[in-house]
Amino acid sequence: MKSLLKWGFPCLLVYMVFLIIKLPAVQVLARLPLPEDIQLNGVSGTIWNGQAQQLLVRGLPIEQLSWQLAFLPLLTGTAQVYVDGGNIRQMDEISIKGDISVAKDKLQADNLQLYLPTDWVIASLALPIAINASGRFKLVLQELDYSGHCQILNGKGHWLKAQVQGNSQPILLGNFDADLSCVNQEIVLTVNEPNLFGLSAVARIPADFNFNISGRFKPDDELPQEVHQAAQFFGQKDGQGYYSIRF
């Protein structure tokens, strides 16, 4: 009996560790109460090192997502995971890469890089005129701590290869750069000149995500006349030739 206990317990322990290490992701995720607006398709691998053919977040797809889940943070109720999904070279795909930690209502991220197709973002804005825009939005978050509202945010935002469709051909606008920060527990995105559109603006995103944007713009004289004509939908110019933005 002593010999059985001597060797049986270590063997059982090794077996249990083996089961945990090889725990199939599809079995675990099928039992988790995921939010209704999040859906994983084509799951494979283990819960610690797994893949999904597609992740849908509010209808937006991230293709070929892979993750690496850390074990020790789970002991304190935190899911710490490195994610890598989408094709960074495909303009019409979402791409994400970086470290994310989730614990109850707390979201943290380090060195997170996210690419979003421009047309998907523009479609969510209540603009006074319809705009057919293309290019890609890039977010680089060095640090994010969000617990019901914005605690810490250090990062950059970019609109890369920005262009809008004119009457006869695309109108190239170049690149736009923005700073990301937290101010009064709100996410703040600040765009400054120089840029071809003469745009400077501040977007504030509170906890309820009912964001507002204020700023001004003055299209460069080199831009086509139709751009200057469309700008008139934003009202009258000020004394410096700028149009005001309020959303």
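Going through (1) under 16 Å from the mean Cα position of the chain (by Cα); (2) loosely packed, with under 14 Cβ neighbours inside 10 Å one by one, Gly239 falls short only on (1).
If the condition is being outside any loop (DSSP other than H, G, I, E, B) and among the aliphatic types (A, V, I, L, M), then the range 203-224 contributes Ala203, Ile205, Ile213.
Checking each residue in the range 172-218 for being within 21 Å of the chain's Cα centre (by Cα) and under 17 Å from Ile131 (Cβ atoms) picks out Phe176, Val191, Ala201, Ala203, Ile213. Among the residues making up the range 47-98, those that are hydroxyl-bearing (Ser, Thr, Tyr) and not in a loop (DSSP other than H, G, I, E, B) are Ser66, Thr76, Tyr82, Ser95.
Scanning the range 37-46 for residues being assigned to a strand (DSSP E or B) and within 23 Å of the chain's Cα centre (by Cα) gives a total of 6.
Counting residues in the range 155-178 that are farther than 24 Å from Asp92 by Cα and either of a type in the set (Phe, Trp, Tyr) or in the same structural domain as Phe247 (by TED's automatic domain parsing) (or both) gives zero.
Would you confirm whether or not the range 21-36 contains a residue that is outside any strand (DSSP E or B) and either aromatic (Phe, Trp, Tyr) or touching a residue at least 40 places away in the same chain (Cβ under 8 Å) (or both)? For the range 21-36, residues outside any strand (DSSP E or B) and either aromatic (Phe, Trp, Tyr) or touching a residue at least 40 places away in the same chain (Cβ under 8 Å) (or both): absent. Kindly indicate whether Val81 is farther than 19 Å from Val140 by Cα and either among the basic types (Lys, Arg) or not assigned by TED's automatic domain parsing to the domain that holds Trp120 (or both). Judged against the criteria, Val81 is not a match.
Considering the conditions (1) modelled with pLDDT under 95; (2) more than 30 Å from Val164 (Cα to Cα); (3) touching a Leu at 6+ places or on another chain (Cβ under 7 Å), Trp120 is excluded by exactly one of them, (2).
Filtering the range 29-63 down to residues that are surrounded by 10 or more Cβ atoms within 10 Å (Cβ to Cβ) and charged (D, E, K, R), which residue is modelled with the lowest pLDDT? The qualifying residue modelled with the lowest pLDDT is Asp37.
The values are calculated or read from the model by the stated rules, or taken from the named source; none is laboratory data. Quick caveat, the model's predicted, so the values are computed rather than measured. All Cβ positions, glycine included, derive from the backbone under ideal geometry; neighbour counts span all protein chains shown.
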